[in-house]
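Quick notes on the structure that follows.
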Amino acid sequence: MPIRRLSAVTATLVALALPVAATAAPTAVDVRVEGRTATIYSGSVITDGKVVNPTTGGSHLCDGTNFGANPTPGPTPTTALDDAAIKGGFTWGASWFGPSFPDYAIDRVATESATETEFWGVFVNGIAPDVGGCQTLLKAGDEALWAFDAFSKTGALALSAPVATHVDEPVVVRATTVAGGVPVAGASVGGQATGADGSATLTFSEPGVYVLKADKPDLVRSREARVCVDPPLVEACTSTDRTAPTVVNNAPALSSSTARFDWVRLSWLGDDAAAGSGIRRYTVEQRRSDVPDQPWRPVVVDSTLTEARFRGREGAAYETRVQAFDRAGNPSGWATATTLIPLDNLTARVRFSKRGWKALRRHGAFKRSVHRAVRRGAAAQLRFTGTQATLVTRALPRGGRVRISVGDRSRVVSLKGRGRFRTKLVATPELERGEHTVRIVSLGRAPVEVDAIAIRP
């Protein structure tokens, strides 16, 4: 079958001819999830308006425009919860109210389910919003606090404490509300109750790292504050913490899993264990792994952030590494990962047969476009140098089958089902490094899509 090369000019004209959908800007926010007795998650995420995918309740768009709440899309508390679940390794379930009120009620986070009288709810910067989690927009730096039994709480607690002290040296801690910083009397901190000004005085008789939280029944508990307690005349946080922290690098294998354009979205998280002094900072670096002898380039240096992104190059592979440092100065080892940025379907390198394919604008797709075929025998191919090619696509309710082949090795995959954009990955077998041609052929008259193709060096 004849193959047609889509030139750069033609691709541009096709892209301009397709309608442009509104888009949200990825935004860094703080997320905290407080269960009945313990914190389930606390950290930052980069989130934006998107289709979320709870284990129950179905996959639905959640971008602040739900129920006409806002005229433009953006990140929401529910998308922040979804991204925190991905990053933190837990799941959540919900109930979808339906077309008349397009939003979720959160039924479960991790292992903690709502009851007939205790419900999950959210506070944004310490204030409960008047609308649902898909109708509230977040700004950079906002805190989305999801709490169990939230509707019995009037707000959320914050706790300030010194980072270090010495044995038998009194220290003052202070409990306030997150919203407005109002002193809170009667909060419990380290076994002491705060006074009218929100403060309590604590002393510690033994060296160690003490984890403190402020708690009060009518308020959501505070974030933890760690206090290093050392013997007299000893440098802060050095006497008891001599163990290196650990760090996890959550960089995606394919950038298209977390981004629709040529951005590599990174996330990482350090752990200094229960007896550690706590993570103080991170350093993150990246380099091209498909080009020899590339230097490491900084992404963040000596930062408290746990998420970042950098713009890459379409079709490239990037190696990233993360190192954590605790407050005692102990460094972790480097945690490395490799991320591939796919080639978009509109690139001139992907060649489509003259008949059977149509370029379509799709907001959730990589670079917002796909090629769709409903004709048996419609083919696409890509010549590449590397060890593996992966088709990025999605399952469709009435989807067909495709054959993906390299040389004399092939596999047939059904694309029938339900799925979000960029989630169906069809890989070739692992190959000897060299020049290859991957070929994708539609095997019926049911629809199939080509969104992007990732190449592993």
Single match in Ile46, Ile86, Ile40 (criterion: at pLDDT 95 or above, surrounded by 16 or more Cβ atoms within 10 Å (Cβ to Cβ) and β-branched (Val, Ile, Thr))
Ile40
Which residue is farthest from Glu206 (Cα to Cα), if the candidates are limited to region 227-238 and must be surrounded by 19 or more Cβ atoms within 10 Å (Cβ to Cβ) and of a type outside the set (Val, Ile, Thr)?
Cys237
Quickly run through region 103-128 and pick out the residues that are more than 23 Å from the chain's Cα centre (by Cα) and buried (at least 16 other Cβ atoms within 10 Å of the Cβ).
Ala114, Phe119, Ala128
Quick check on this structure: which one of Val392, Val412 is outside any loop (DSSP other than H, G, I, E, B), touching a strand residue (DSSP E or B) at 6+ places or on another chain (Cβ under 7 Å), under 24 Å from Thr55 (Cβ atoms) and touching a residue at least 24 places away in the same chain (Cβ under 8 Å)?
Val392
State whether the residues of region 229-252 include one that is part of a strand (DSSP E or B), touching a residue at least 12 places away in the same chain (Cβ under 8 Å) and within 30 Å of Ala452 (Cα to Cα).
yes
Note: among Arg456, Arg401, just one is surrounded by 14 or more Cβ atoms within 10 Å (Cβ to Cβ), more than 19 Å from Gly315 (Cα to Cα) and not β-branched (Val, Ile, Thr), namely Arg401
The correct count of residues that are under 29 Å from the mean Cα position of the chain (by Cα) and not charged (D, E, K, R) in region 360-397 is 19
Mind telling me which of the residues Leu269, Leu305 ends up being of a type in the set (A, V, I, L, M, F, W, C), touching a helix residue (DSSP H, G or I) at 6+ places or on another chain (Cβ under 9 Å) and not assigned by TED's automatic domain parsing to the domain that holds Tyr41?
Leu269
Only one of these is more than 21 Å from Gly276 (Cα to Cα), assigned to a loop (DSSP other than H, G, I, E, B) and small (Gly, Ala, Ser): Ala175, Ala196. Name it.
Ala196
Can you name the condition, by its number, that Ser42 falls short on among (1) more than 27 Å from Phe366 (Cα to Cα); (2) touching a residue at least 40 places away in the same chain (Cβ under 8 Å); (3) more than 14 Å from the chain's Cα centre (by Cα)?
(3)
Check Ser222, Ser255, Ser188, Ser199 and return the single one that is outside the structural domain of Tyr282 (by TED's automatic domain parsing), at pLDDT 95 or above, buried (at least 20 other Cβ atoms within 10 Å of the Cβ) and not aliphatic (A, V, I, L, M).
Ser222
Residue count, region 410-457 (criterion: of a type in the set (Asp, Glu) and closer than 22 Å to Lys358 by Cβ):
2
Which ones in region 415-436 are touching a residue at least 24 places away in the same chain (Cβ under 8 Å) and not charged (D, E, K, R)?
Leu415, Gly419, Phe421, Thr423, Leu425, Val426, Ala427, Thr428, Pro429, Leu431, Gly434, His436
Quick test for you: out of Ala164, Ala175, pick the one residue that is buried (at least 16 other Cβ atoms within 10 Å of the Cβ), out of contact with any Phe, Trp or Tyr (no Cβ under 7 Å at 6 or more places or on another chain) and farther than 22 Å from Thr39 by Cβ.
Ala164
Return the pairs, sorted by first residue and then second, in which the second residue is assigned to a strand (DSSP E or B), the first residue lies in region 146-161 and is among the polar types (S, T, N, Q), the beta carbons are less than 6 Å apart, and the residues are 6+ apart or on different chains.
Ser160/Arg174
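The values are calculated or read from the model by the stated rules, or taken from the named source; none is laboratory data. For clarity, every value in this text was computed on a predicted model and none was experimentally measured. For neighbour counting, all protein chains shown are included, and Cβ atoms are generated from backbone atoms with ideal geometry for every residue, glycine included.
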